[in-house]
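Have a look at the structure below, then the notes.
The values are calculated or read from the model by the stated rules, or taken from the named source; none is laboratory data. From a predicted model like this one, the values you see are computed outputs, not experimental measurements. As a convention, Cβ positions derive from the backbone with ideal geometry for all residues, glycine included, and neighbour counts pool all protein chains shown. Side chains are part of the model used for accessible areas, which takes the heavy atoms of the whole protein and leaves out ligands, DNA and RNA. Shrake-Rupley method; radii C 1.70, N 1.55, O 1.52, S 1.80 Å.
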Amino acid sequence: MKMKHTPQLPLRFFRWFCHPKLRDSIEGDLMELYEERKAKSGKLKADLKFIFDVLLLFRPGIIKPTEGYQTLNTYGMYKNYFKISLRNLIKNKTFAFINVSSLAVGLAACVVIYLFVSDERSFDTFHSKSKNIYRLDEVQKFTGTNEQKVALSMPGMAPAMKRDFPEVKSYVRFWLRGKQLITKDDTKQLIENVMVADSTFLMCLIFH
Amino acid sequence: MKKYQLGEFEEIVMLTVGVLYGEAYGVSIKKEIESRLKRGVSVGALQTALRRLEDKGYLKSHEGEATEERAGRPKNISHYGLRKKAMEYTKNTRDELWRAIPKVALDVKFS
């Protein structure tokens, strides 16, 4: 790029105050005019007119704003993102529906699974040894019936498991007996909910 | 109709941009106005008017070619924006006013 022999100080002044978006094109105008004037009426007149033009250019529309001419945040970008995505949703209604509804179903499933799992994991955690307490269930299978899973087990299982598996430290058995007539010395009393348990009950299930 | 307001100089610039169709940039607009209207136009006044018109949406500009006498600086070529109506509106209001003047008023001779 060849620099023209314009007066350097006013040019530098102009380049300093001018809005960067306008700088190059106005500078080109100035140089074009300068060359013409120089050829027509000499260097001195051209210089003076150049300085005069630069001074007349020093006005609000041309001066760069003091707060900076570039936007310093990215709001515009995000605004554009939202606009484009909305337009796409409106343009491809079927796919938008499929995508949005499947996302909704997926999120709903996630939430349901989370709630289910957290409920399961929060079950009976008030026992201080809750991590090591297991409930023995049973898969019953008799000839003539279908296989069924039941939440109860037979009384003999617990001692057998303690004998056979060293991991099993202790066991507690419960037996719900319902309404029972309890006799002690001379008093007889009908008690609504009777539950029979092993003596290890309080040792295994420490309530806090 | 405030929204179509054009200043006197703005109107001249708009019309000149139309005259110099496709060739309207700083120097050419300046020369055209100077030669047609016989009045001096400073670069500053012209550029502010152009910016103002661009802000209002009456003019748009694109970068033109960079020539030798411009030391490689691009031309900023102006062309009409979407709101050409402003000029039509200005012309129509002027015409209306002209038509509204009774002929007698123009014939008045001051003796």
I'd like to check something: does segment A:39-55 contain any residue that is within 50 Å of the chain's Cα centre (by Cα), within 12 Å of another protein chain (Cβ to nearest Cβ) and free of Cβ contacts under 8 Å to residues at least 12 places away in the same chain? no
Identify all residues within segment B:25-52 that are in a loop (DSSP other than H, G, I, E, B), of a type outside the set (Val, Ile, Thr) and surrounded by fewer than 22 Cβ atoms within 10 Å (Cβ to Cβ); write none if there are none. B:LYS38, B:ARG39, B:GLY40, B:SER42
Output yes when any residue across segment B:53-69 is of a type in the set (Lys, Arg), within 10 Å of chain A (Cβ to nearest Cβ) and buried (at least 16 other Cβ atoms within 10 Å of the Cβ), and no when none is. no
Any idea which of (1) of a type in the set (S, T, N, Q); (2) more than 19 Å from B:ILE29 (Cβ to Cβ); (3) touching a helix residue (DSSP H, G or I) at 6+ places or on another chain (Cβ under 8 Å); (4) without any contact (Cβ under 8 Å) to a residue 12 or more places away in the chain is the one A:SER25 doesn't satisfy? (2)
Selection from segment B:1-55 of residues basic (Lys, Arg), in contact (Cβ under 8 Å) with a residue 12 or more places away in the chain and over 26 Å from A:ALA46 (Cα atoms) yields B:ARG52
Give me the helices (runs of 4 or more DSSP H) completely within segment A:1-81, filtered to those with at least 3 residues that are within 20 Å of B:LEU46 (Cβ to Cβ) and either open to solvent by 90 Å² or more (accessible area, probe 1.4 Å) or of a type in the set (Lys, Arg) (or both), ordered by residue number. A:20-41, A:43-57
Whether any residue in segment B:11-24 is within 11 Å of chain A (Cβ to nearest Cβ), open to solvent by 20 Å² or more (accessible area, probe 1.4 Å) and part of a helix (DSSP H, G or I) is what I want to check. no
Hey, A:ILE51 over 17 Å from B:ALA71 (Cβ atoms) and in contact with a strand residue (DSSP E or B) (Cβ under 8 Å, 6 or more places away or on another chain) or not: no
Among the candidates B:GLU8, B:GLU54, B:GLU23, B:GLU69, residue that is within 30 Å of A:PHE52 (Cβ to Cβ) and touching a Gly at 6+ places or on another chain (Cβ under 8 Å): B:GLU54
Of all strands (runs of 3 or more DSSP E) fully inside segment A:143-198, the set with 2 or more residues that are more than 30 Å from A:ASN132 (Cα to Cα) and touching a strand residue (DSSP E or B) at 6+ places or on another chain (Cβ under 9 Å) is A:174-184, A:187-197
(1) on the phi < 0 side of the Ramachandran plot; (2) in a loop (DSSP other than H, G, I, E, B); (3) within 14 Å of chain A (Cβ to nearest Cβ) all hold for B:GLY72 apart from (1)
Within segment B:92-111, does at least one residue satisfy the condition of being open to solvent by less than 60 Å² (accessible area, probe 1.4 Å), part of a helix (DSSP H, G or I), within 30 Å of A:ARG59 (Cα to Cα) and not hydrophobic (A, V, I, L, M, F, W, C)? no
Among (1) open to solvent by less than 20 Å² (accessible area, probe 1.4 Å); (2) in contact with a helix residue (DSSP H, G or I) (Cβ under 6 Å, 6 or more places away or on another chain) - the single one B:ASN76 does not satisfy: (1)
